[in-house]
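The values are calculated or read from the model by the stated rules, or taken from the named source; none is laboratory data. All figures in this text were calculated on a predicted structure; none of them were measured in a lab. Neighbour counts are summed over all protein chains in view; Cβ atoms, including those assigned to glycine, are modelled from backbone coordinates with ideal geometry. When the accessible area is computed, the model is the full protein with side chains, heavy atoms only, and any ligands, DNA or RNA have been set aside. Shrake-Rupley method; radii C 1.70, N 1.55, O 1.52, S 1.80 Å.
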Amino acid sequence: MTVVEHVYREFELPPSAAGYARDSVTLGWEDRTHVHGRRSSAGGVEFGLALPRGTILRAGDCFVLDDARLVVVVVERPEPVFVVEPGSSPQFALFAYHIGNRHQPVMITDRSLICPDVPGVEQLLQQHKMPYTRATLPFTPVTTVAGHHH
């Protein structure tokens, strides 16, 4: 089994991969933060990941599987999320603080804070009177912090 140790963006692919076939692997947000283990492409090709700690895979990231003469492209799986749209900059900061203080992953866009629809998050949003809607879209957390303690 091929073990992938490097992630490329399309424009960074090595010249040797120019003629390789293309495939994809669709991953949810948690799988895109767990960068060690077995994966299977949409076409059924199995490979392993052994990427550097702290790597977060994003849409368009590519793995080169030389043995299979294949480039596998990461696709972000749409997932249930809460979309919080604060009405002002102070609200944006306050809501981000409350979400972070509960150690919940968050994605930040120009207009919203996005949290995965997991147990406890809706209660947090309601408790702090954060206006939210439910949606299904790809979720990529801002970052993961290893060894964070109070």
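Tabulated data for the structure shown
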{"read-out": "Residue, most open to solvent (accessible area, probe 1.4 Å), within the range 1-45, restricted to residues that are touching a Ser or Thr at 6+ places or on another chain (Cβ under 6 Å) and modelled with pLDDT of 95 or more", "value": "Ala42"}
{"read-out": "Options Arg77, Arg69: the member that is open to solvent by 40 Å² or more (accessible area, probe 1.4 Å), basic (Lys, Arg), closer than 30 Å to Ala18 by Cα and within 13 Å of the chain's Cα centre (by Cα)", "value": "Arg77"}
{"read-out": "Candidates Pro86, Pro131, Pro90, filtered to the one that is free of Cβ contacts under 8 Å to residues at least 24 places away in the same chain and either acidic (Asp, Glu) or surrounded by fewer than 18 Cβ atoms within 10 Å (Cβ to Cβ) (or both)", "value": "Pro90"}
{"read-out": "Selected residue (only one of Pro141, Pro119, Pro105 is at pLDDT below 95, surrounded by fewer than 18 Cβ atoms within 10 Å (Cβ to Cβ) and not in a strand (DSSP E or B))", "value": "Pro119"}
{"read-out": "Which numbered condition Thr55 misses (of (1) over 14 Å from the mean Cα position of the chain (by Cα); (2) open to solvent by less than 60 Å² (accessible area, probe 1.4 Å))", "value": "(1)"}
